[in-house]
1. Under 5 Å between amide hydrogens, which residues at least 5 positions from ASP311 or on another chain qualify, with H placed 1.01 Å from N in the peptide plane?
2. With the crude spin-label approximation of a point 7 Å out along Cα→Cβ, what separation in nm comes out for ALA287 versus ASN49?
3. Can you tell me the order of 138-145, 240-247 when each peptide is scored by its average per-residue count of other Cβ atoms within 10 angstrom, highest first?
4. Once fully extended, how much extra length lies between ARG201 and ARG70, figured as 0.36 nm per residue of separation less the alpha-carbon to alpha-carbon distance?
5. Rounded to the nearest 0.05, what FRET efficiency do SER261 and ARG29 give with R0 = 51 Å and r taken as the Cβ-Cβ distance? Could you check?
6. If I model a spin label as a point 7 Å beyond the Cα along the Cα-Cβ vector, how far apart are those points for ASP229 and ASP311 in nm?
7. Using mean Cβ contacts within 10 Å as the protection proxy, how do 214-220, 272-278 order, highest first?
8. Can you sort LYS297, LYS349 by how many other beta carbons sit within 10 Å, fewest first?
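What follows is calculated from the coordinates using simple rules that are stated; it is not laboratory data. Keep in mind it's a predicted model, so treat the numbers as computed, not measured. So basically every Cβ, Gly included, is an ideal-geometry build from the backbone, and we count neighbours across all protein chains shown.
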Amino acid sequence: MVIVGGIHGNEPAGVIAVQRVLHELRQRRVAVSGRLLGLAGNLRALSQNVRYMTRDLNRRWFPDHLARLRDTPHAEESSEDIEQRELLNIFDRLDETFDHPLVVMDLHSFSAEGPPFSVVADTLRNRPIAYELRVPIIFGLEEAVEGTLLGYLADRGHIAVGFEAGQHDDPRTVENNVAAIWIALVSAGLVARADVPEIARFEARLAQAAAGLPRAVEIVYRHPITPEDEFRMDPGFYNFQGIGRGQRLAIDRSGDVDSPSAGRILMPLYQGLGEDGFFVARDLGPAQLQLSATLRKLKIDGLLGYLPGVDVEADQADGGDEIRIGRVGSQVVVGGVVKQVLRMFGYRKDVGGGDDLVVARRRQVQSSRRGRGGVAGDAVTDGGDSE
């Protein structure tokens, strides 16, 4: 299991929490079944308490960029390129060492007020640990925001869960992260529940923080921004706040920025740096989640090609793990029932397609991993950072 904190330098709570848990594991001599590695993501930005130095370290985990980092180990480049190469080298070595998926937890915080929540790429293997955290699960965020570390690791076949613990400087954010780490360690099987006497208190803490909120929501809109937009969020918005269609949320150089649909606002931007102004999400009920899981387990997606106006094409470039849905025909059909059905199978990423709607999903099956062996029974705690 790998726990990453501070991939954004103005989010130190994750690093503090990882250090605390590693210290407690050693001090209490808790048996760890496997290996636990703690990483501080952007050391240079953390030292300055800024989101990043030259670019967002959590937005360029693309194959072509990573290939360049691997091929030019000594190139003169940005601070974030140096940090990213260090992280990439660690994950490459882990891939070479272990012939099974890693469990990766990426810890974050946010600038607005609001309760903690988890973020996962929409695959079934990512759900169990996220459910155990007792906070709302955000589906579709990893598909809406490109180039994230979690998205990259999910595509590599790993179990990847993000945890947004609270507001950046709120003391409760560190405590929420500590609770989430212990819960994840137990859920992943690295630590026995009996060895964590506070586990019920940790679970109650996160459940109470999320009281009254939906079990899960899905992203239906992302508002991308650039510095040239001069985007300014209206004051007073907080995570999971209900909003109406057409409600003014912000202003930019073109005028008012209104919500395109009713729902809940997520991560309204109240910090100087960022590429996302806000997100809009809608609730997902337990019945929808269960139906989605059942349909995927039964592999009903093999019948998607029979839906009106839908062509199914498997992308064999990555072992057939990514499937793209191309739209032909009625705008009304695709904009309504068909698109909702596709989301149930995890097809959330819009990859373009000219006159057609083309969407894709994350890899749904465990990849074949090559390495020098597993770590069953190896009781090791290994604290470190991206260097």
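1. Here GLY326, VAL328 satisfy the definition.
2. About 5.0 nm, to one decimal.
3. On the way: 138-145: 24.6, 240-247: 13.6.
Descending mean neighbour count gives 138-145, 240-247.
4. 42.8 nm
5. 0.45
6. With each label point 7 Å from Cα toward Cβ, the separation is 3.3 nm.
7. In decreasing order of mean packing, 214-220, 272-278 become 214-220, 272-278.
8. Least to most surrounded, the residues fall as LYS297, LYS349.
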